[in-house]
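Single-structure report; data block below.
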Amino acid sequence: MREPVVVIAGCGAISAVGCGIEPLRVALQKNSSGLRPSEKFNSPRFQSGIVGSAPKNAAADNPAWFLAMEALRQACDASQKVLEKIPAGRTGLVLSTTKANIEALERISDNRSCSETARRHLQADRLAADLAAAHGAHGPVQAVSVACVSGLIAIQQGTRMIQRGEADAVLVVGVDCLSEFVVAGFTALKALDPFGCRPFDAARCGLSPGEAGAALVLVRGGDALIAGSEFRIQIRGFGGSNDANHLTGPSRDGSGLAQAVRVALNSAKLSPGEIDYVHAHGTGTGYNDAMESLALKTVFGGTCPPVSGSKGMLGHTLGAAGVIETICCVLAMQENFLPGTPRLSVAAEGTPKNLLHEPRSGVRLKNVLKLNTGFGGVNGALILSHE
């Protein structure tokens, strides 16, 4: 029996480029960057103070809750006409995060005030449960934490919930916050670019941490169900792998990521030649970008479709990355343009020939491939198709 079609009915985002989908759309079309120096991380303790900060109350003790709630509010508002037809018991939620409300841990360790709710949201499962309750999602609830592939896995899990008949709608929300813990951790790995990340650039030397809340509303397809929704993007296929290479480093030859892409293509019943655009993981580290370039060459040979990445705009948002970068793909498909790669100056040797420096308008995108990789050797691939 054919699996049900799952489509995106609404999106929401709050990130370094602003609050809402429109600031994100504008930033993508202008190829602008939201990376800025942060006073909080302006210390010899940190390798770099350049980060992607989202607009929020800096004094708040529960930024993960704020960012996730704002993204969900936007996504649910955008899909209100769809969601109002679906019973609360048939609406699920999947949270994607690596650190949940890490702010609470830092406050506790510094003997600063911290509310019980903020402490509760240190645990991803409790954060997920409270987000679901706040949005009337009484169906299945999951929390996914698989390093920087979490967002794509969360979308996959939400899609599977609908395909298995466990839900008719699933709210997928990704969130992670900037913290001293995260910036100090990447500093210890010597993985930060002091000048801000430059994905796929010949002079790249590290990533830039970011924070974001991002949300998608997934629903069972069908003209009757998605009437009134502006989105017509389908979750066409997905794949994952683990190359088991190193605790923090990817397999140097890109074989693990290539395997994930092949699984996704098989799932989508598409050939490599049918992919119109690739949104890369593109962290700006030497190993990741080189590995990703090799993986794309392995899958596509000398005919790789246009490729770009958005971490030079948003920073690396960890558990939110897969969700907000999928939203970038949705916007490109809606508006018929190819996003550029912010902060890319001179492409490194070995990068795809179709690596995009600047956005390109007037391009119809039917099938888009989204990639993410993460610590522990995890790899994820997602394919979106325009109906």
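Numbers below:
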quantity: Surface per residue (accessible, 1.4 Å probe) for the chain, Å²; calculated: 38 Å²
quantity: 32 Å Cα-Cα threshold exceeded, pairs from K40/K297; K99/K269; K56/K370; K269/K297; K85/K370; calculated: K40/K297; K99/K269
quantity: Mean Cα-pair separation over length for the chain, i.e. relative contact order, pairs under 8 Å, 6 or more apart, %; calculated: 24 percent
quantity: By average C-beta atoms within 10 angstrom, highest first, the peptides 61-74, 78-91; calculated: 61-74, 78-91
quantity: Filtered trypsin sites (Lys or Arg not before Pro), the range 12-55: DSSP coil and at most 13 other beta carbons within 10 Å; calculated: R45
quantity: For volume of the Cα convex hull per residue in Å³, calculated from these coordinates, the label among (1) 175; (2) 158; (3) 118; calculated: (3)
quantity: Mean Kyte hydropathy of 0.5 or more with a Cα span along the axis of at least 18 Å, helices from DSSP in the chain; calculated: 255-268, 321-335
quantity: Accessible surface of the range 7-226 [probe 1.4 Å, protein heavy atoms]: carbon and sulfur percent; calculated: 52 percent
quantity: Among 135-143, 357-365, the order from most to least packed when residues are scored by Cβ within 10 Å on average; calculated: 135-143, 357-365
quantity: Computed Rg/Rh of the range 7-226, alpha carbon atoms with Kirkwood Rh; calculated: 0.99
quantity: The range 309-387 versus the range 46-86: alpha-carbon centroid distance in Å; calculated: 21 Å
quantity: Rotationally averaged projected area of the range 236-386 (alpha carbon convex hull; nm²); calculated: 7.7 nm²
quantity: Partners for K311 among aspartates and glutamates (Cα-Cα distance below 15 Å; same-chain residues under 8 apart left out); calculated: D176, D193, D201, E211, D289, E292, E325, E358
quantity: Nearest-10 value in Å² for the accessible area of V146, using the 1.4 Å probe; calculated: 50 Å²
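The values are calculated or read from the model by the stated rules, or taken from the named source; none is laboratory data. Note that this is a predicted model, so its numbers are computed, not measured. Neighbour counts run over all protein chains shown; Cβ positions are idealised from the backbone, glycine included. Note: areas computed on protein heavy atoms with side chains; ligands, DNA, RNA excluded. Shrake-Rupley method; radii C 1.70, N 1.55, O 1.52, S 1.80 Å.
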